[in-house]
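In what follows, a single structure is set out as structure tokens and then discussed.
The values are calculated or read from the model by the stated rules, or taken from the named source; none is laboratory data. Keep in mind the model is a prediction, meaning the values are calculated, not measured. Virtual Cβ from ideal backbone geometry, glycine too; neighbours counted across all protein chains shown. SASA here: full protein model, heavy atoms, side chains in, ligands and nucleic acids out. Shrake-Rupley method; radii C 1.70, N 1.55, O 1.52, S 1.80 Å.
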Amino acid sequence: MSRLSELRGNLFSLFADHPYRIAHEKAQSLLKPLAGDQELFEELILEAVRKPDFFKQKRINPVIAFDLAKNPDCHLIAHCWLPRPDGNTDISHQSIHHHGNLLLTSLSAFGPGYESVLFRAGFEIDSNTLQTRMQLEKMYKNPQGNIEFVDIDTPHIVFYPEKLSVTYALWSNDKKVATQKLKRLPLLQKYKSILKPLLYKIGLDKALHVNTIKFLDFYVEDGKVIVMPERVRYPDGSNENFLRAFFHLLQSMNFKKIAELERAMIANSDAQMAIPYLKDLMHGKPIPNTFEEIHLQIPKVTIPRSAIYQCFPELQKQSKSG
């Protein structure tokens with residue numbers, strides 16, 4: 001049995017046998033040994049590149065992601081956080097946001113990690129102005145081996161790391177519901193992106209425990225935190241930038257199974273456009289870390305740290321004292 005298969009089996013059993021909150025607690029003992037596990041990470045990469053459409057992807061945001069494990073109960077994703085080309089760590093990757101009724105357990109698997117600010121649940125939104133009152137929970141750094149749990153409706157913000165960092169993010173709903181079986185139907189899985197907005201409009205999203213992306217994000221303006229009814233998303237980038245970012249990632253991770261990678265790419269007819277990057281990787285030619293211009297600055301999303309400090313002056317004091 002492969003390492004990935006064993007991990008998936010253990011994780012799926014946990015979530016099948018326990019309430020989701022307890023499963024998250026118990027999953028920490030499964031996740032902790034994965035920190036620094038190069039063998040598992042390379043197995044994940046080789047599995048990904050064998051998929052037919054892998055090399056056709058566009059870069060949808062600065063993070064490169066891979067599914068480690070997924071079923072209707074839980075989803076474990078590897079998030080590869082590439083630093084900004086200018087090295088700026090005082091800009092957020094996304095706006096202040098929370099995950100609705102989703103639970104998150106996050107392991108820092110590789111690298112120095114990012115810095116994050118966690119706020120408390122129970123924030124208050126003025127229905128007229130959309131101004132939001134939040135209270136700080138903590139500011140924390142996320143070095144390799146660190147595990148953080150983020151509860152439902154808990155706002156937070158993440159700043160870019162100084163160097164490449166990888167987190168393993170474990171997601172689930174906060175509780176099992178009778179309608180969970182419905183989510184397993186192939187038809188619902190296939191048309192999920194179409195059905196979720198419809199369920200929201202007709203008021204069935206809460207009954208079916210569907211997490212709709214409404215009022216989950218906040219931006220800052222003139223020292224105020226303001227909720228966004230709709231999420232501002234990153235525009236899609238290019239396939240070329242995805243390929244360059246992917247091979248830059250492999251080079252930065254000192255990927256060792258290059259011969260196996262080459263065989264997998266030769267067998268994948270969609271991989272031909274990526275062969276020049278493979279050759280650069282094989283010959284040790286530096287592959288630059290480049291971002292799409294459209295991903296470097298997005299109003300209400302890429303927020304300067306100074307603007308967060310303007311809303312929460314105590315954060316700046318905490319940062320200086322730390």
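Brief remarks follow.
- Any hit, the stretch 46-64, residues being part of a helix (DSSP H, G or I), open to solvent by 30 Å² or more (accessible area, probe 1.4 Å) and closer than 25 Å to residue 259 by Cα: yes
- Among (1) open to solvent by 60 Å² or more (accessible area, probe 1.4 Å); (2) within 30 Å of residue 228 (Cα to Cα); (3) part of a helix (DSSP H, G or I) - the single one residue 299 does not satisfy: (3)
- When residue 311 is tested against the conditions (1) closer than 30 Å to residue 136 by Cβ; (2) open to solvent by less than 70 Å² (accessible area, probe 1.4 Å); (3) under 19 Å from the mean Cα position of the chain (by Cα), the lone failure is (3).
- Of everything in the stretch 229-277 that is acidic (Asp, Glu) and free of Cβ contacts under 8 Å to residues at least 60 places away in the same chain, the residue that is farthest from residue 54 (Cα to Cα) is 230.
- Residues located in the stretch 70-105, provided they are buried (at least 21 other Cβ atoms within 10 Å of the Cβ) and assigned to a strand (DSSP E or B): 76, 78, 80, 81, 92, 96, 103, 105
- Residues of the stretch 253-271 that are touching a helix residue (DSSP H, G or I) at 6+ places or on another chain (Cβ under 7 Å), surrounded by fewer than 16 Cβ atoms within 10 Å (Cβ to Cβ) and under 14 Å from residue 47 (Cβ atoms): 260 alone.
- In the stretch 1-32, of all residues being of a type in the set (A, V, I, L, M) and surrounded by 15 or more Cβ atoms within 10 Å (Cβ to Cβ), the one that is farthest from residue 69 (Cα to Cα) corresponds to 23.
- If the condition is being open to solvent by 10 Å² or more (accessible area, probe 1.4 Å), under 24 Å from residue 34 (Cα atoms) and in a strand (DSSP E or B), then the stretch 151-177 contributes 158, 171, 173.
- Neighbours by Cβ (under 6 Å, 6+ apart or cross-chain): first from the stretch 1-20, under 14 Å from residue 72 (Cα atoms); second at pLDDT 95 or above and basic (Lys, Arg): 14/26
For (1) over 16 Å from the mean Cα position of the chain (by Cα); (2) more than 22 Å from residue 237 (Cα to Cα); (3) not basic (Lys, Arg), each residue gets a yes or a no:
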{"residue": "74", "(1), (2), (3)": "no, yes, yes"}
{"residue": "83", "(1), (2), (3)": "no, no, yes"}
{"residue": "100", "(1), (2), (3)": "no, yes, yes"}
{"residue": "106", "(1), (2), (3)": "no, yes, yes"}
{"residue": "111", "(1), (2), (3)": "no, yes, yes"}
{"residue": "114", "(1), (2), (3)": "no, yes, yes"}
{"residue": "123", "(1), (2), (3)": "yes, yes, yes"}
{"residue": "127", "(1), (2), (3)": "yes, yes, yes"}
{"residue": "134", "(1), (2), (3)": "yes, yes, yes"}
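- Of the residues in the stretch 279-296, none is open to solvent by 60 Å² or more (accessible area, probe 1.4 Å) and touching a Ser or Thr at 6+ places or on another chain (Cβ under 9 Å).
- Checking each residue in the stretch 278-322 for being at pLDDT below 95 and closer than 20 Å to residue 237 by Cβ picks out no residue at all.
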